[in-house]
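Presented below is the structure to which this report refers.
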Amino acid sequence: LKAVILIGGPQKGTRFRPLSFEVPKPLFPVAGVPMVQHHIEACAKVPGMKEILLMGFYQPHEALSRFLVSAQQEFKIPIRYLQEYAALGTGGGIYHFRDQILSGGAEAFFVLNADVCSEFPLQEMLEFRQQHGDAQSFVILGTTANRTQALNYGCIVANADTQEVQHYVEKPSTFVSEIINCGIYLFTPAIFQHIGEVFQRNQQELVLEESSNGWQRAEVIRLEQDVFTALAGSGKLYVYKTDGFWSQIKSAGSAIYASRLYLNQYSKSHPERLAQNKPGGPIIRGNVYIHPTASIDSTAVLGPNVSIGEGVTVGAGVRVRESIVLHGASLHDHTCVLNTIVGWDSTIGRWARVEGTPSDPNPNDPYAKIDSETLFRDGRLTPSITILGCSVTIPAEVVILNSIVLPHKELSRSYKNQIIL
């Protein structure tokens with residue numbers, strides 16, 4: 001068994017700015033650890049997992065190499081980064097590196113998108129494939145969404161008895177199905193034959209078009225639109241439906257929601273990562289992650305759903321709720337931080353209040369997903385969580401509400417509903 005994690009590249013993750021300026025989006029900490037570490041941890045737990053491949057078109061850089069080295073040591077499994085020469089789409093990348101994936105005689109491999117958070121029921125997908133379909137069949141992880149939100153995802157129509165996928169439509173314009181694609185797949189080497197057919201077809205179309213700069217287009221293959229749509233109804237593709245938690249992490253606001261889901265899971269999977277109320281320590285409410293190097297005053301109140309990064313300083317009487325505070329940030333006495341991501345090395349002055357509007361799914365609808373909201377609606381900034389980029393300084397006694405502050409800004413007054421460039 002192998003696993004491939006698709007991490008995209010620098011021109012992706014634009015909705016994640018200004019946070020993706022400082023660190024590749026897959027390394028952004030969610031619930032205290034890099035986003036993609038949750039994937040690696042889940043893959044490493046699967047018996048028989050021989051290697052994990054990260055695939056994307058980031059230039060190799062220090063942060064990524066450092067992360068891979070430490071993850072290899074922690075999970076005792078080979079982890080490599082394969083760099084695409086261009087954005088090849090979800091299918092083009094794995095087709096380009098098919099020899100690397102199959103080396104060592106891989107009988108099956110998982111493909112996971114890096115920008116999802118999930119319980120990753122990988123073992124269950126393996127067992128499901130043994131019960132349904134033959135040795136050459138493929139499995140998509142699916143979950144239930146509500147009717148309106150399903151249109152934003154790949155929709156799957158499956159046979160109720162066998163779970164065979166009969167019809168697949170990516171982001172349909174009208175309602176097709178409530179079962180949506182989670183971006184987590186289990187393939188066998190046979191998938192490359194199907195991707196190869198798309199590649200051949202693309203090449204033939206290019207020869208017919210003879211467009212001047214079309215050489216690159218044949219390699220760009222999207223698993224969802226190009227491969228699954230064709231495989232549906234062929235008896236080769238099945239859907240495993242999960243009731244576990246799942247969410248996309250497209251915008252920075254969805255990182256706070258994903259953090260809540262993972263912190264919630266820690267009570268079962270990693271209780272040691274959750275902070276406890278101790279004499280002389282801060283007051284903890286709900287699930288909170290605090291990095292061991294953070295220094296927090298005993299009168300601070302943290303939680304629920306708070307993640308405090310490395311070397312953070314939190315002063316007396318500070319209140320933090322539903323927020324991520326990244327490494328090196330400093331919250332001076334009596335600040336209030338709600339629904340906010342505080343960037344690296346940022347400073348919030350005394351008695352300041354930094355607050356955003358949560359973009360959570362509807363709590364009364366069990367199948368609601370987080371909306372990947374647009375920044376603007378009718379020409380106005382949509383109220384969402386507040387984001388401070390890295391090295392932002394907020395003066396004492398001001399209020400920052402529903403705003404996005406780009407890196408290296410020193411504010412001098414209060415702001416509301418603004419992008420501060």
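For K171, which lysines qualify as cross-link partners when the Cα separation must be under 26 Å and same-chain residues fewer than eight apart are set aside? Within the straight-line limit of under 26 Å, K171 reaches these lysines: K12, K25, K236, K241, K250, K369. Kindly state, to the nearest 0.05, the FRET efficiency for F21 paired with R285, given R0 = 51 Å and r defined as their beta-carbon distance. The calculated FRET efficiency here is 0.95. Within the listed set E84, E410, E51, the residue fluctuating most in the Gaussian network model of the chain (springs between alpha-carbon atoms under 10 angstrom) is E410. Using a probe of 1.4 angstrom and keeping all protein chains present, the accessible surface of the range 275-416 works out to 45 square angstrom per residue. Model label points for S65 and D297, set 7 angstrom from Cα along the Cα-to-Cβ axis, are 4.2 nm apart. Of all DSSP beta bridges confined to the range 275-416, the antiparallel ones make up roughly 5%. Close amide H partners of I419, meaning residues 5 or more places away or on another chain with modelled amide H under 5 Å apart, are I404. Taking 0.36 nm per residue of separation and subtracting the current Cα-Cα distance, fully stretching the chain between N152 and Q204 would add 15.6 nm. The GNM of the chain, with springs linking C-alpha atoms under 10 angstrom apart, assigns the highest mean-square fluctuation among T293, T386, T242 to T293.
Note on the chain: antiparallel DSSP beta bridges, both residues inside, total approximately 30 percent of the bridges counted.
For I400, the residues 5 or more places off, or on other chains, whose built amide H falls under 5 Å of its own are R353, V354, E355, Y415. Rounded to whole numbers, the Karplus 3J(HN,Hα) couplings from phi for the range 327-335 are 4, x, 6, 9, 10, 6, 3, 6, 7 Hz, using 6.51 cos²θ - 1.76 cosθ + 1.60 with θ = phi - 60°, and x at Gly and Pro.
Across the range 46-51, rounded Karplus estimates of 3J(HN,Hα) from the backbone phi angles (6.51 cos²θ - 1.76 cosθ + 1.60, θ = phi - 60°) give 6, x, x, 6, 9, 7 Hz, Gly and Pro being marked x.
Here L421 sits with roughly 140 square angstrom of accessible surface, probe radius 1.4 Å. Subtracting the Cα-Cα distance of Q418 and A230 from their residue separation scaled by 0.36 nm leaves 63.2 nm. Go ahead and set up a Gaussian network model of the chain, Cα springs under 10 Å, then flag whichever of K241, K250, K268 fluctuates most. Maximum fluctuation in the GNM of the chain, among the listed residues, is at K268. The residues D99, D360, D115, D134, sorted by heavy-atom accessible surface at 1.4 Å with ligands and nucleic acids left out, run D99, D134, D360, D115 from largest to smallest.
Here K409 is the anchor, and the aspartates and glutamates within straight C-alpha reach of less than 19 Å, apart from those fewer than 8 places off in the same chain, are E22, D345, E355, E397.
In plain terms, the chain from T162 to E410 could stretch by 83.3 nm, reckoned as 0.36 nm per residue minus the Cα-Cα distance.
How large a share of the accessible area of the range 275-421, in percent, is made up of carbon and sulfur atoms when the probe is 1.4 Å and the other protein chains stay in place? C and S fraction of accessible area: 50 percent. Amide H contacts of E119 (H built 1.01 Å from N, in plane; Pro and chain starts excluded): F245 sit under 5 Å, all sequence-distant by 5 or more or on other chains. Taking every DSSP bridge with both residues inside the range 2-248, close to 50 percent are antiparallel. Relative to the longest principal axis of the C-alpha atoms of the chain, give the angle of the C-alpha long axis of helix 35-45, reported between 0 and 90° and rounded to the nearest 10°. The two axes meet at around 50 degrees.
With each label modelled as a point 7 angstrom along the Cα→C-beta vector, the Q276-R98 pair spans 5.3 nm.
The values are calculated or read from the model by the stated rules, or taken from the named source; none is laboratory data. No experiment lies behind these values; they were computed from the predicted model shown. Here Cβ is always computed from backbone atoms with ideal geometry, including for glycine, and neighbour counts include all displayed protein chains. Accessible surface is based on the protein model in full, side chains and every heavy atom, while ligands, DNA and RNA are left aside. Shrake-Rupley method; radii C 1.70, N 1.55, O 1.52, S 1.80 Å.
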